[in-house]
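What follows is one structure encoded as structure tokens, with my remarks underneath.
The values are calculated or read from the model by the stated rules, or taken from the named source; none is laboratory data. Bear in mind the structure is a predicted one, so any value in this text is a computation, not a measurement. Every residue, glycine as well, gets a Cβ built from its backbone with ideal geometry; the counts of neighbours run over all protein chains shown.
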Amino acid sequence: MLKSLVGENCGSCKVGEIKCKTSSNGFEKCINRTNVCDRIVDCAMGEDEKNCSVHESQLFQCSDKKQFVQKYQRCDNDENCKDGSDELGCQNLYKCSEARYDNNGVVVFDRAAYTEACDKIALCEDLDDECNSTLCGHDVPAYCDHVNGALGFICPNSKSAIIGTEVCDGYPTCNESARTTSADELNCPNRFYCADHGATRLPIHIAPEARCNAITDCFDGSDEVNCSTATHFYCVPGTADYIPRSKVCNGVFDCKNGQNDECQNCAVSPFSTDQFLISNYFLQAFIWIVGFLAIFGNIAVLVHNGLQMYENKNTSAIAYCNRILVLNLAMSDFLLGVYLLSIGIVNSVYANTYCVTDIEWRTSVSCAGLGSIALISVQTSVFILTIMTTFRLVLVTQPFNSTVRVEVIGGVLALAWVVSFVIALVPHSWALHDYFSSKAWLTDNPYLFVTNRSDVESFVQRLWSLEDQNSMYFSNGST
């Protein structure tokens, strides 16, 4: 119930409190955990009283919409609702024939005095609200076969009598040792029977409204099998192994078996899918082709110009500088080829299963390293092309007066490489890591998985408040 109410994040509530999913007047509301399922509505939409062990169908909601009481408490001469609405409209209800009152006129034994008749839910002590054929006609529940007048429901084996509220409540009273055949829980109308009929653990059956509500009530989970895919995601189809649909594509691998809840086309990317890092086949081929051409083409340029420089040592300074510029440009383009081929290899290694390793890959040192290589390559190429353009512009505009110095060109190239390396590596420095990172992936952590800084800070503060219950944080709820 608590998990259904607060979801995945308690927000700014103090330790020991939970946050209502819905708010009033736009303000968050925190309530104490002890106020959940206490039959008093604290959340604006009443979600703190939903999905409790006693279903709403078995409760009467007071007129103020802020409180629930048991149906058998209606018209018992004792105001259980704060507004007294449980004692109103009694003339429209059926009066139980065996209602018992104390000296003050209050119904005793928590048994109904007035109730709604013929609704398949027995509340009168002798079950006459459901088993009176004159009142309900011939459409009476099967359990009425065991009703003996004013004595009420008689267990067939022990011959002991039980009251109406103990019949068809999901918990056997007649025969607890053979719970699946206990007469008081057989053939109950308007109930969903768990697949194992409570053989392993109770209840035997539940209210039909509790089925497919994304909260497992049956021990075998059968109440959450074959539900709508709009609310349930089945890790193993046809079984009770499911997670709420809201947990699909949330960055957390919730399914431990069967289908992967994070491999449901979660990635919103023009390039990647669940199967491939690079989904487009044309783009895959393009990466391989350009990668090979960039590597082997630039190797050929490096070898050719290197040999030319070695064999023609007496060449002019202009030609020598030009070859130095071409060599450096080839080196930067070679790095881009390394990057493209590496991406192609990663795409092939993770083919058909990419989504399983998506987060691990994108947060790995290898991915960060390839990103740095690509940035160094592109940035250096831009710098070198700028230097080459400037160099040739000077030669064209001043063909006879230009003085070319190899040391100057070499110094400018060295500066270009240094600046590119700095730009590529600065985001990886610890001092600036938070500035360049929006989220972190925490492995083997049951509380945080893919998270941002504010969530981590809030989590740490909560842990700290548990250590020191007298801290200011715990006392005033600040975060």
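Just a few scattered comments:
- Test: residue in the stretch 234-247 that is surrounded by 17 or more Cβ atoms within 10 Å (Cβ to Cβ), over 30 Å from PHE153 (Cβ atoms), hydrophobic (A, V, I, L, M, F, W, C) and touching a residue at least 24 places away in the same chain (Cβ under 8 Å): yes
- Qualifying residue in the stretch 129-140 (condition: within 15 Å of ALA183 (Cα to Cα) and in contact with a helix residue (DSSP H, G or I) (Cβ under 7 Å, 6 or more places away or on another chain)): no
- Residues (among the hydroxyl-bearing types (Ser, Thr, Tyr), touching a helix residue (DSSP H, G or I) at 6+ places or on another chain (Cβ under 9 Å) and assigned to a loop (DSSP other than H, G, I, E, B)) located in the stretch 165-210: TYR171, THR173
Here is a yes/no grid of residues against (1) within 15 Å of LEU335 (Cα to Cα); (2) touching a strand residue (DSSP E or B) at 6+ places or on another chain (Cβ under 7 Å); (3) surrounded by 15 or more Cβ atoms within 10 Å (Cβ to Cβ):
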| position | (1), (2), (3) |
| --- | --- |
| ILE376 | yes, no, yes |
| GLN379 | yes, no, yes |
| VAL382 | yes, no, no |
| LEU393 | no, no, no |
| VAL396 | no, no, no |
| PRO399 | no, no, no |
| VAL408 | no, no, no |
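- Within the stretch 313-365, considering residues that are over 21 Å from ILE278 (Cβ atoms) and of a type in the set (Lys, Arg), the one farthest from the chain's Cα centre (by Cα): LYS313
- Qualifying positions in the stretch 144-185 - surrounded by fewer than 18 Cβ atoms within 10 Å (Cβ to Cβ) and touching a residue at least 40 places away in the same chain (Cβ under 8 Å): ALA150
Per-residue answers, yes or no, for (1) in a helix (DSSP H, G or I); (2) on the phi < 0 side of the Ramachandran plot:
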{"site": "CYS212", "(1), (2)": "no, no"}
{"site": "CYS227", "(1), (2)": "no, yes"}
{"site": "VAL252", "(1), (2)": "no, yes"}
{"site": "LEU277", "(1), (2)": "no, yes"}
{"site": "LEU283", "(1), (2)": "yes, yes"}
{"site": "LYS313", "(1), (2)": "no, yes"}
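- Taken across the stretch 92-112, residues that are modelled with pLDDT of 90 or more, of a type outside the set (D, E, K, R) and out of contact with any helix residue (DSSP H, G or I) (no Cβ under 7 Å at 6 or more places or on another chain) do occur, with at least one present.
- Any hit, the stretch 310-326, residues being in contact with a helix residue (DSSP H, G or I) (Cβ under 7 Å, 6 or more places away or on another chain), in contact (Cβ under 8 Å) with a residue 24 or more places away in the chain, within 22 Å of ALA416 (Cβ to Cβ) and not aliphatic (A, V, I, L, M): yes
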